[in-house]
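These notes are about the structure you will find just below.
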Amino acid sequence: MEHLAPFAEGIYARTTRAITVSVEPEYLDDQSFPEEHRYVWAYHVRIENQGTQTVQLKSRYWRITDELGHVQEVSGAGVIGEQPVLGPGESFEYTSGTPLGTASGIMQGYYVMETESGETFQATIPVFSLDSPSLGRQLH
């Protein structure tokens, strides 16, 4: 069963099968060049195992959509070169980033998790908004 978890302002969270994924995006003004149509965001991810089974993050899938509807899909093994194993009550955090050619967009996706018994499932990454502070609005 999936449900949206409560989140603080600016933090998006989603729980799937006791795996809570929370994301906090941040616009990187010092790396963005609007006059060149380059807008850059960092996003800090926390993956928390609130269940009773140990799981391993095997792969990721991201769907990044800019405000013009252009879609970029990113997938691969693990995250930041790691395939973390999370026992009950454990968490893993990392920060990554993405550039866009527009001042706003959205990201969403999932992590493929594997239990000790070899069962795999998708832990949903919540949809989150990427909005340049100059916009004064949010897509999501």
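Return yes or no: is residue 97 within 17 Å of residue 38 (Cβ to Cβ), assigned to a strand (DSSP E or B) and either under 13 Å from the mean Cα position of the chain (by Cα) or of a type in the set (Ser, Thr, Tyr) (or both)? Before you say what the answer is, go through the steps one by one.
On the way: within 17 Å of residue 38 (Cβ to Cβ): yes; assigned to a strand (DSSP E or B): yes; either under 13 Å from the mean Cα position of the chain (by Cα) or of a type in the set (Ser, Thr, Tyr) (or both): yes.
Here the answer is yes, as residue 97 does meet what is asked.
Checking residue 53 against (1) under 16 Å from the mean Cα position of the chain (by Cα); (2) outside any strand (DSSP E or B), only one condition comes out false. Which one?
It is condition (1) that residue 53 fails.
Which residue is modelled with the lowest pLDDT, if the candidates are limited to the range 69-82 and must be surrounded by 12 or more Cβ atoms within 10 Å (Cβ to Cβ) and not in a strand (DSSP E or B)?
Among those that are surrounded by 12 or more Cβ atoms within 10 Å (Cβ to Cβ) and not in a strand (DSSP E or B), it is 78.
Among 30, 66, which is the only one that is surrounded by fewer than 13 Cβ atoms within 10 Å (Cβ to Cβ) and either at negative phi or at pLDDT 95 or above (or both)?
30
Go through (1) in contact with a helix residue (DSSP H, G or I) (Cβ under 6 Å, 6 or more places away or on another chain); (2) surrounded by fewer than 16 Cβ atoms within 10 Å (Cβ to Cβ) one by one and return the number of the condition residue 40 breaks.
Every condition holds for residue 40 apart from (2).
Is there any pair with a first residue in the range 65-82 that is farther than 12 Å from residue 103 by Cα and a second that is not in a strand (DSSP E or B) whose Cβ atoms are under 9 Å apart and which are 6 or more apart or on different chains, and what are they?
Listed by first residue and then by second, the contacts come to 70/101; 70/102; 77/83; 78/84.
The values are calculated or read from the model by the stated rules, or taken from the named source; none is laboratory data. As the structure is a computational prediction, the values presented were derived from the model and not from experiment. As a convention, Cβ positions derive from the backbone with ideal geometry for all residues, glycine included, and neighbour counts pool all protein chains shown.
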